[in-house]
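Note sheet for the following structure.
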Amino acid sequence: MKIKCPKCGNFIQSKIETYKYKESGLDNVFLKNITVYECSCGISFASIFRVSRLNELIAQKLLEKPALLDGKEIRFLRKNMCMPSKDFARRLGVEKTTISKWENGLQKHREAYDRSIRFLYMINKKIEGKGKNNIFRILQKKRLKEQDTGFVITAEKEGNDYVVNFWPIIGGLGPELPNVWISQKKIFFSIASRQEFALELLQTKSNQMFSSQELLSTETISNAIVLTQRRGQ
């Protein structure tokens with residue numbers, strides 16, 4: 001499908017590539033085989049399929065993380081519940097300012113609060129069955145001490161849904177998807193939590209069918225990101 005540039009009016013070229021999902025607010029989420037449109041005038045945007053469902057599956061992967069959630073991950077879970085900071089704080093028994101400090105990395109939270117955040121999310125989203133059991137199994141007897149960020153989450157559209165995985169990585173995160181992966185047969189990490197990630201390469205896949213589709217276009221104009229949502233396409 002040909003699309004005209006909203007800025008210059010020329011037709012925009014498209015390509016299929018791995019896209020860093022910066023709109024999620026997380027630094028380590030990548031979407032595979034996403035259509036990205038780029039114009040010679042500088043405008044670029046990506047078309048992302050079923051944003052709400054995608055965010056739900058990413059959130060479920062975060063719930064399985066065998067380490068403390070970091071601030072951005074806490075914010076992601078809270079926003080995915082559509083819960084204001086005030087209500088979130090009240091449910092956790094802390095002040096609203098405490099939530100702000102956690103989410104902005106100004107204050108570390110304790111393990112008990114971390115588990116409470118995950119359980120609150122599961123209750124709010126009514127996560128049951130296999131998904132709930134996987135989370136409990138991974139977190140059982142795990143000490144959540146460090147905010148390990150040595151992993152990436154990848155999502156790839158498959159049929160009417162996504163397949164979402166997390167993968168340990170070597171080195172820091174660059175602007176593109178890291179090309180150094182750790183397979184199930186090659187685990188050489190000194191950090192225990194990263195070993196657990198490699199051993200727990202679980203796929204989250206839904207068999208549910210949805211009555212409507214949701215498409216997100218992310219448009220970058222002069223380094224400013226504009227989000228638009230379209231339904232029924």
Inset, instruction - Identify all residues within segment 71-105 that are surrounded by fewer than 15 Cβ atoms within 10 Å (Cβ to Cβ) and either touching a residue at least 40 places away in the same chain (Cβ under 8 Å) or within 15 Å of E146 (Cα to Cα) (or both); write none if there are none. - result: G105
Inset, instruction - Answer yes if at least one residue in segment 38-57 is crowded, with 19+ Cβ neighbours inside 10 Å and of a type in the set (S, T, Y), and no otherwise. - result: no
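FYI, it's all coordinate maths here, none of it is from the lab. Given the structure is predicted, the values throughout are model-derived calculations rather than measurements. Counting neighbours? That spans all protein chains shown, and the Cβs are built from the backbone with ideal geometry, glycine included.
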